[in-house]
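First the structure, in the form of structure tokens, and then the observations on it.
The values are calculated or read from the model by the stated rules, or taken from the named source; none is laboratory data. As the structure is a computational prediction, the values presented were derived from the model and not from experiment. Quick reminder, even Gly has a Cβ in these numbers, built from the backbone with ideal geometry, and neighbours come from all protein chains shown. Ligands, DNA and RNA are stripped out before the accessible areas are found, and what is left, the full protein with its side chains, is counted by its heavy atoms. Shrake-Rupley method; radii C 1.70, N 1.55, O 1.52, S 1.80 Å.
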Amino acid sequence: MTLEERCQAIELILSDVDGVLTDGGVIVDNEGIESKRFHIRDGMAVKLWQKAGYRFGVVTLRSSQS
């Protein structure tokens, strides 16, 4: 079975955020507001996956407004 054939059964991707969709860093401004930096290619991949009719979800243990 080829990789393409094996991947056809995938309907949902669940991903962690910190260190997977981000570089693991956290940016804190002068007021203590926390933000994360995401790579534009990861965001584009998620949108293309969804546009193709598949589902994407985020699973994380860390609680953060960002």
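Below, the figures for the structure above:
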| quantity | calculated |
| --- | --- |
| Condition check for residue 9: part of a helix (DSSP H, G or I), open to solvent by less than 90 Å² (accessible area, probe 1.4 Å) and either of a type in the set (D, E, K, R) or out of contact with any Cys (no Cβ under 6 Å at 6 or more places or on another chain) (or both) | no |
| Residue tally, condition in a loop (DSSP other than H, G, I, E, B), open to solvent by 60 Å² or more (accessible area, probe 1.4 Å) and not small (Gly, Ala, Ser), over the range 19-63 | 14 |
